[in-house]
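Report on the following structure.
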Amino acid sequence: MLPYFPFGQQFNDKMGTYPFGENDPLIDVDDNYPAELLLKRALLSERPDYYYQTLPGCETAQWEALELILTTLAQTKPDQFTLHKEQTTWHWNNHLLNEKTDFIPGDSSTLPTDPLNWAGLQVQEDLLLLAGEDASLVAGHLCFANDWCLDEKLGLPFWQIHAPIIPIVEPMMRAAQKSLERLPVGRPVWRLNWSVKVTDQLDMTSRHLPALKQALAEQLPYLTPNTIGNQLFIRVERQTLTRLPRSGAILFGIHTYQNRLANEVNSRPGGAAHMANVFSTTPPAMLDYKSMTDFLPALLTYLHNQ
Ligand code: HEM
């Protein structure tokens, strides 16, 4: 069952951000950790400049992000990660990967790669940094993006990152931009985003778009109400936004979760009805944006039959 389920009574046109509760994690570690970390490593060694990019001038923010992530993990998951801070040197032990790293915070020559990228190789989340008054994307370790990539968005402010904006969500995006600009230190927020896919491939960065479109086109004729539960996957992103105190930058973390539709329906009482509520009230332009228009009738029939 998905750990987060963003489906309620109807399509939500609000930005849907929540302040962190006492037990809300900045970083989540689940059973997919080993496989996802292996995949991240493969992607980054195959195409380092595609999955990690930075603009100059955000070194402080990169170190702050790394320090926050490691400190948080060591505090919240002491069986899996330990961190000893010794004068200038930090000793990090990732027990899940069986890897030890010693480094000097602030000294990038002591890590094998940039701090944000290295931190991204300790966690399942994709990690991005936004900086400046207009919250521009200044750095990213982005392996599991849903239909976008750093080549397209690095350097762009929040508003342009989201352009062209679907008219129905424009007020929500204005509110999001304001709340991002005013996000206080020590008051992180999180939100969920959802999509429905014909594959559970994690890396859906833009370079895979043609193949993903083709896979959808090929499968469309076979997506029937009887079979669609086993053919589709629900993809949920838990996104966190944290203001970093020294640099003033924002750390944007994205953890992607997926489950086969039928598994989700069978394990979550009322889940089918909630998904049907949301999909049937999602505006057509948004359904198009999410590439759901063509299979929506079969999907709704399946969900109503549960
Ligand atoms: C409160 C904060 C945010 C809100 C309310 C928000 C909302 C949205 C919405 C509504 C969409 C499109 C529809 C959908 O998939 O549901 C979207 C897509 C997207 N968002 Fe955000 N977002 C937020 C933060 C961010 C941040 C900080 C980034 C930084 C990189 C970001 C990057 C993107 C990208 C790259 C897309 C895909 C755009 C495309 O299709 O080219 N979002 N976001």
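Since every read-out is calculated from the coordinates, none of them should be taken as a lab result. Owing to the predicted nature of the structure, the values given are computational and were not obtained by experimental measurement. With ideal geometry, Cβ positions are generated from the backbone for all residues, glycine too; neighbour counts draw on all protein chains shown.
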Answer in debye to the nearest 20: the dipole magnitude of the chain about its Cα centre, from +1 Lys/Arg and -1 Asp/Glu charges placed on Cβ, is 640
Checked against a 32 Å limit on the C-alpha separation, the offending pairs among Lys100/Lys197; Lys77/Lys213; Lys40/Lys197; Lys85/Lys197; Lys14/Lys153; Lys100/Lys290 are Lys100/Lys197; Lys77/Lys213; Lys85/Lys197; Lys100/Lys290
The answer for Ser136, listing residues at least 5 apart or on another chain whose modeled amide H is closer than 5 Å to its amide H, is Ala131, Phe158
Phi angles of the range 56-61, converted by Karplus (6.51 cos²θ - 1.76 cosθ + 1.60, θ = phi - 60°) into ³J(HN,Hα) in whole Hz with x for Gly and Pro, give x, x, 10, 4, 4, 5
Computed over the chain, the relative contact order (Cα-Cα under 8 Å, seq sep at least six) in percent reads 24
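How big is the Rg/Rh ratio for the chain, C-alpha atoms only, Rh by Kirkwood, two decimals?
Using only Cα positions, Rg/Rh for the chain is 0.97.
Looking at the chain, identify the longest residue range that excludes and avoids all GluC sites (Glu not before Pro) in DSSP loops having at most 16 other Cβ atoms within 10 Å.
134-306
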Helix 209-219 sits off the longest principal axis of the Cα atoms of the chain, rounded to the nearest 10 on a 0 to 90 degree scale, by 30
Hits in the range 277-306: amide N under 14 Å from the 7 Å Cα→Cβ extension of Asp147, namely 283-296
Of every Cα-Cα pair in the range 1-121, the percentage lying beyond 23 Å is 44
Of all stretches in the chain that avoid trypsin sites (Lys or Arg not before Pro) placed in a DSSP loop and having at most 13 other Cβ atoms within 10 Å, the longest is 15-181
For the range 146-179, listing chymotrypsin sites (Phe, Trp or Tyr not before Pro) in a DSSP loop whose Cβ sees at most 15 other Cβ atoms within 10 Å gives Trp148
Note on the range 99-185: C-alpha Rg/Rh, Kirkwood Rh, two decimals, gives 1.05
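Any chance you could run the full-extension gain for Arg268 through Thr60? It's 0.36 nm times the residue separation minus the Cα-Cα distance, nm to one decimal. Can you show the working numbers first?
Details: separation 208, 0.36 × 208 = 74.88 nm, distance 4.33 nm.
Here the segment from Arg268 to Thr60 would lengthen by 70.5 nm.
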Per the helix-only model, the chain has a calculated mean residue ellipticity at 222 nm (DSSP H runs of ≥4, -39500 (n - 2.57) each, divided over all residues, rounded to the nearest 500) of -10000 deg cm²/dmol
